[in-house]
Amino acid sequence: MNTPFLPPIEKPKGLIKNLVYAMTRKQFGKVPTPVKVHSARMPTAFGMFYGKISTLDKKLQLPRQTVFLVREQVARINVCLFCTDIGRFFAMKESMSEAKFDALPEYSTNPLFTEAERAALDYVTELTREKKVSQGTFDRLAAHYSEREICEIIWLVATEHVYNLTNLGMNIHSDMLCDISRKASAAALG
């Protein structure tokens with residue numbers, strides 16, 4: 001089993017961090033490892049920055065599914081297992097098509113994806129892998145998205161890298177949040 005480079009802090013110091021632990025435990029069924037390993041060691045303002053990213057994502061004009069697909073693709077390329085798991089967890093919470101997320105590795109040929117989504121995912125893939133984008137890839141993106149939406153896609157790539165590199169740098173892997181969610185849903189039904 002992979003363990004984080006620093007041990008998780010199970011009992012944080014300070015009222016705000018204790019509240020964050022309680023809120024995330026309620027939301028996810030456990031306190032996520034990045035909170036216990038990274039955020040617990042940082043001043044509260046740093047943890048609030050992560051929350052601000054999430055809040056700002058809600059102000060995006062892109063369709064929510066596109067937001068999730070972009071984040072998932074970046075996390076998948078960067079092999080951030082925690083991020084792919086939590087991204088899927090949130091997509092499930094919003095009742096998005098799990099089949100589409102399962103098909104993400106074949107987005108360029110899978111009929112579940114629109115041409116606009118393919119253009120966005122090509123752009124995101126190239127930017128994440130190469131740290132630059134060709135004019136042709138940009139032109140395909142611009143044929144489907146407004147200038148603001150293009151800027152939003154770039155925002156998603158950049159901020160997903162913040163999440164990914166934090167987890168990768170601390171050797172944080174999946175918390176199996178999707179499994180926890182599925183078991184909770186099954187228990188509620190049964």
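The values are calculated or read from the model by the stated rules, or taken from the named source; none is laboratory data. Being a predicted model, the structure only gives us computed values, none of them experimental. Note that we place each Cβ from the backbone using ideal geometry, even for glycine, and neighbour counts take in every protein chain shown. We work out accessible area using only protein heavy atoms, side chains counted, and drop any ligands, DNA or RNA first. Shrake-Rupley method; radii C 1.70, N 1.55, O 1.52, S 1.80 Å.
Sites listed here are GluC sites (Glu not before Pro) in the range 1-101 whose DSSP assignment is loop and whose Cβ has at most 13 other Cβ atoms within 10 Å: Glu10, Glu94. Residues of the chain were split at every exposed loop site, defined as trypsin sites (Lys or Arg not before Pro) in a DSSP loop with at most 12 other C-beta atoms within 10 angstrom, and the longest piece left, sites excluded, is 60-130. Cys residues of the chain that find no other Cys beta carbon under 4.7 Å: Cys151, Cys178. Its Cα centre serving as origin, the chain has a Cβ charge dipole (Lys and Arg +1, Asp and Glu -1) of approximately 1040 debye.
Normalised by the number of residues in the range 1-156, the average gap of Cα pairs under 8 Å and 6 or more apart makes the relative contact order 19 percent. Leaving out same-chain residues fewer than 8 places away, which lysines sit with a Cα under 17 Å from that of Lys30? By straight Cα distance, Lys30 reaches Lys11, Lys17, Lys93, Lys183. Note on Ser134 and Arg64: their simple-model spin labels are 3.6 nm apart, each label 7 Å out from Cα toward Cβ. Rounded, prolate or oblate: which one fits the range 31-79, using the alpha carbon gyration tensor with axes a ≥ b ≥ c (rounded when a/c is under 1.5, else prolate when a/b beats b/c, else oblate)? Verdict is oblate for the range 31-79.
Dividing the helix sum by the residues of the chain, where each DSSP H run of 4 or more adds -39500 (n - 2.57), gives a mean residue ellipticity at 222 nm of -21000 deg cm²/dmol. For the chain, the solvent-accessible area of protein heavy atoms averages 55 Å² per residue (probe radius 1.4 Å; ligands and nucleic acids excluded). Please tell me the relative contact order of the range 79-163 in percent, rounded to the nearest whole number, where contacts are Cα pairs under 8 Å and at least six residues apart. 21 percent. For the range 1-79, the share of accessible area belonging to carbon and sulfur comes to 65 percent (1.4 Å probe, ligands and nucleic acids excluded). Along each principal axis, taking the top coordinate minus the bottom one, the Cα set of the range 82-190 gives 52, 35, 24 Å in descending order. For Asp57, the accessible surface of its heavy atoms amounts to roughly 20 Å² (probe 1.4 Å, protein chains only, rounded to the nearest 10).
Distance from the alpha carbon centroid of the range 98-133 to that of the range 15-72 works out to 25 angstrom.
Surface calculation, 1.4 Å probe, protein heavy atoms: His161 sits at approximately 40 Å² accessible. The solvent-accessible area of Ile77, taken with every protein chain present and a 1.4 Å probe, is close to 40 Å². Using 20 Å as the cut-off for backbone N distance, which residues of the range 36-69 belong to the label zone defined by a point 7 Å from the Cα of Ser185 along Cα→Cβ? Inside the label zone: 64-69.
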